[in-house]
Amino acid sequence: MVVGTVLRSHAGGYLVYLSEKDITLQCQARGRLKKERVSILTGDRVELADLDFDQQTGLITGCLPRWSLLSRPQIANVDQVVIVQAVRQPEWNQLWCDRYIVHFQLELPDCTPVLCFNKCDLVDQEIALTLRRVYESLGYRVLMVSARTGSGIEELSTMLENKITVFAGPSGVGKSSLLNALEPSLNLKIGVMDNEYGVGRHTTTYSEIYRVKRAGGPAWVADTPGFNLAELRHPEPVDVMWQFPEVINLSSDCRFSNCLHLVETGCNVIEKVVELDICEAYDGSQVPPPLVSRQRYDNYVTIVNEAQQEQSLLRETSTKKESSVKQVGGRKGKAVSIPRLSGRYRAESRRTQKQRLDAGITSEDEDLNEDDQE
Ligand code: GDP
Ligand code: ZN
């Protein structure tokens, strides 16, 4: 069985890389796969037949099971996400950093995101060290790099070997520059800035993986666009809490059960929020600290509030949906929901018509009866 990796969709088919031959083939999916609606995505491992190396074509006959799936953009078999941010230009924004972390932890719960701070040539060591300390204390791997000077690029490159890695982050932070530094032959366009979120150059539905040549084995990387708020995952408020290790670390001591640690007087998490210089709370020891910094806590509250707003919006729309159904038949708990039809469109079955005529009740009465049971 010959197995290749889908690099992207192309002309109604797919570009598939075959490592044994170091060749990229244009492949169509076998008709049966289309009929069975088997989706084939960038990153998928596919079985190939009818290989023609002169024409560089092949036929996809099957898709192997996926071990992970990123939803925006859709990429299968992602091994790790590198969240790229600039320490300056654009100015580092910790709220967006934390939003990206929450989003990708929820997207791919089995892989802890790696934080990559780019443009380190623009700040002094002290600032870079602070960022490193804060996030290493929380258990994240942190890389300080500069696509411009090349510092840190070798460390980044090594961790990509034999993996599919997604580079995520707003545009303008230097993702394309980093990919070019890792593999100059990619020659990606750089320096195209978009709106305030750094969103837009390509869409969240476009996906492609590129190969970075490494001695220890090929590395696959994807450049992805930035997200705006609406495109991020909308978790349950309590799920947000689980993405903040220092909040979780303290919440077992909270005297309230089901506490989101937002406003309650006497909540011990809120009591442990500190106004200290961030370095004093987070010493880089790779253990969540017994304190929560004001900045991280504020971001936690913001993201929980966003999740709560999302929830109440959802509840509103589902109440609207509910009122379009009504409960009929049976005693309490046994009633079934049926769509509420407006009287005008309601066709009466012969049987109900007969029953109604037999019992001598009107259609209107019947409606009232059913509503009474709601
Ligand atoms: P992307 O939108 O995330 O792909 O970012 P680009 O790679 O297009 O880079 C955006 C801008 O940042 C460009 O003007 C780059 O030259 C610049 N840039 C990228 N990396 C660095 C770096 O390490 N240091 C500095 N000073 N500028 C960088
Ligand atoms: Zn609490």
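The values are calculated or read from the model by the stated rules, or taken from the named source; none is laboratory data. Computed from a predicted model, the values in this text were never measured in an experiment. Don't worry about glycine lacking a Cβ; one is built from the backbone with ideal geometry, like all the others, and counts go over all protein chains shown. For the accessible areas, the whole protein counts, side chains as well, though only heavy atoms, and no ligand, DNA or RNA atoms are used. Shrake-Rupley method; radii C 1.70, N 1.55, O 1.52, S 1.80 Å.
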Please enumerate the residues belonging to segment 255-277 that are more than 7 Å from ligand 2 (Cβ to nearest atom) and closer than 15 Å to R294 by Cα. L262, V263, E271, K272, V273, V274, E275, L276, D277
Taking only segment 153-179 into account, find how many residues are in contact (Cβ under 8 Å) with a residue 60 or more places away in the chain, outside any helix (DSSP H, G or I) and of a type in the set (S, T, Y). 1
What about S151, is it modelled with pLDDT under 95 and of a type outside the set (V, I, T)? no
Leading residue by the ranking (farthest from the chain's Cα centre (by Cα)) among those in segment 226-263 that are open to solvent by 10 Å² or more (accessible area, probe 1.4 Å), closer than 30 Å to L160 by Cβ and acidic (D, E): D239
What's the total number of residues in segment 187-201 that are open to solvent by 40 Å² or more (accessible area, probe 1.4 Å) and either within 16 Å of ligand 2 (Cβ to nearest atom) or modelled with pLDDT of 80 or more (or both)? 3
Can we say D110 is surrounded by fewer than 21 Cβ atoms within 10 Å (Cβ to Cβ) and out of contact with any Lys or Arg (no Cβ under 8 Å at 6 or more places or on another chain)? yes
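Residue-wise test of (1) assigned to a helix (DSSP H, G or I); (2) more than 16 Å from ligand 2 (Cβ to nearest atom); (3) in contact (Cβ under 8 Å) with a residue 40 or more places away in the chain.
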{"residue": "T112", "(1), (2), (3)": "no, yes, no"}
{"residue": "C116", "(1), (2), (3)": "no, yes, yes"}
{"residue": "D121", "(1), (2), (3)": "yes, yes, no"}
{"residue": "A128", "(1), (2), (3)": "yes, yes, yes"}
{"residue": "L131", "(1), (2), (3)": "yes, yes, yes"}
{"residue": "V134", "(1), (2), (3)": "yes, yes, yes"}
Contact list please: Cβ distance under 8 Å, first residue in segment 180-191 and closer than 16 Å to K213 by Cα, second residue within 16 Å of ligand 2 (Cβ to nearest atom) and open to solvent by less than 40 Å² (accessible area, probe 1.4 Å), pairs at least six apart or on different chains. none
Quick one: count up the residues across segment 202-225 that are open to solvent by less than 20 Å² (accessible area, probe 1.4 Å) and modelled with pLDDT under 85. 3
